[in-house]
Amino acid sequence: MNETVIRTSGLTKTYASGTNEVHALRGIDLTIARGELVAIMGSSGSGKSTLMNLLGCLDAPTAGAYELDGVRVEGLGRNELAAIRNQKIGFVFQGFNLLPRTSAVENVELPMLYDRSGRKRDTRAAAVAALERVGLGARLDHQPSELSGGQQQRVAIARALVTEPALVLADEPTGNLDSRTTVEVMALFQELNDQGITIVVVTHEPEVAIYAKRIVEVRDGKIVRDAPVKNRRSAAADLDQPERTAA
């Protein structure tokens, strides 16, 4: 098993804006090992969203190298990138991105319907197991409108886990949640990370990043800080102290 999940070297992204060039990323060197829980931070315009899109194989770099779980990604075609996304990355988004008139278990089954790896799986059983893993075993047949925001995000996390990806990539996963539900979601991420799942959380909120093991800060398209989290918080412990999670 490859112990390095993410390795980038000189990762660069330049956009054309009229006659000008916008340098969104300016040579990113980043390594993330299996089993890490990393927060990528940065203000609007810092380049963190561009970096997330490249790490998630949603966009291609202008220059540089990217290796995801032992596979060189840069230069792959559209279909190959789609297969990489399906097999190696589980996505969690701020807006949940659940199908509205579809049950929780059916939402979680979706990624497996597009799996081209040839793995033969009981998709229903795998989806049920994933929902049980995030504490929603009793909500299998509920539609998103019948679930709270925190429960909807748990469905999204179960969907991210169901393909057994090398990486869970969460883009502002607590952006639509209140303070206590934010801590509940981070408690789940910490629990899953303790089980060995590699998680990268993209956030602009220091109160979310404090639950990670490591913070990578991006500014002006460059990494300006990459360090372990000092005084890392336990989200489960914070949930036992309501005054800490008040807005």
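Where a number appears in this text, it was derived from the coordinates with a stated rule and is not lab data. Because the structure is predicted, anything quoted here is derived from the model rather than measured. Because the Cβ atoms are built from the backbone with ideal geometry, glycine has one as well, and the counts that use them run over all protein chains shown.
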Report the percentage of all Cα-Cα pairs in region 140-247 whose separation exceeds 19 Å, rounded to a whole percent.
48 percent
What do you get for chymotrypsin sites (Phe, Trp or Tyr not before Pro) in region 88-190 restricted to DSSP loop and a cutoff of at most 16 other Cβ within 10 Å of the site's Cβ?
Tyr114
Potential extension, Glu191-Thr62 segment - 0.36 nm per residue separation minus Cα distance
42.8 nm
For the chain, what is the mean residue ellipticity at 222 nm derived from helices alone (per DSSP H run of n ≥ 4: -39500 (n - 2.57); sum divided by total residues; nearest 500 deg cm²/dmol)?
-9000 deg cm²/dmol
Yeah, the chain with a ≥ b ≥ c from its alpha-carbon gyration tensor (a/c under 1.5 is rounded, else prolate when a/b outruns b/c, oblate otherwise) is oblate
Provide the net charge surrounding Gly90, with neighbours chosen by a C-beta distance below 11 Å and charges set as Lys +1, Arg +1, Asp -1, Glu -1.
+2
Have a look at region 97-185 and give its Rg and Dmax from the Cα atoms, expressed in angstrom.
12.8, 41
Counting Lys and Arg as +1 and Asp and Glu as -1 over every other residue whose Cβ sits under 14 Å from the Cβ of Asn176, the net charge comes to -3
Classify region 138-183 from the C-alpha gyration tensor, please: rounded if a/c falls under 1.5, else prolate or oblate depending on whether a/b exceeds b/c.
oblate
Of Leu51, Leu81, Leu99, which has the largest mean-square fluctuation in a 10 Å C-alpha GNM of the chain?
Leu99
Which net charge results for the neighbourhood of Gln151, defined as the other residues with beta-carbon distances under 11 angstrom from its beta-carbon, given Lys and Arg at +1 and Asp and Glu at -1?
0
Relative packing of 16-25, 162-171, which averages over residues the other C-beta atoms within 10 Å, highest first:
162-171, 16-25
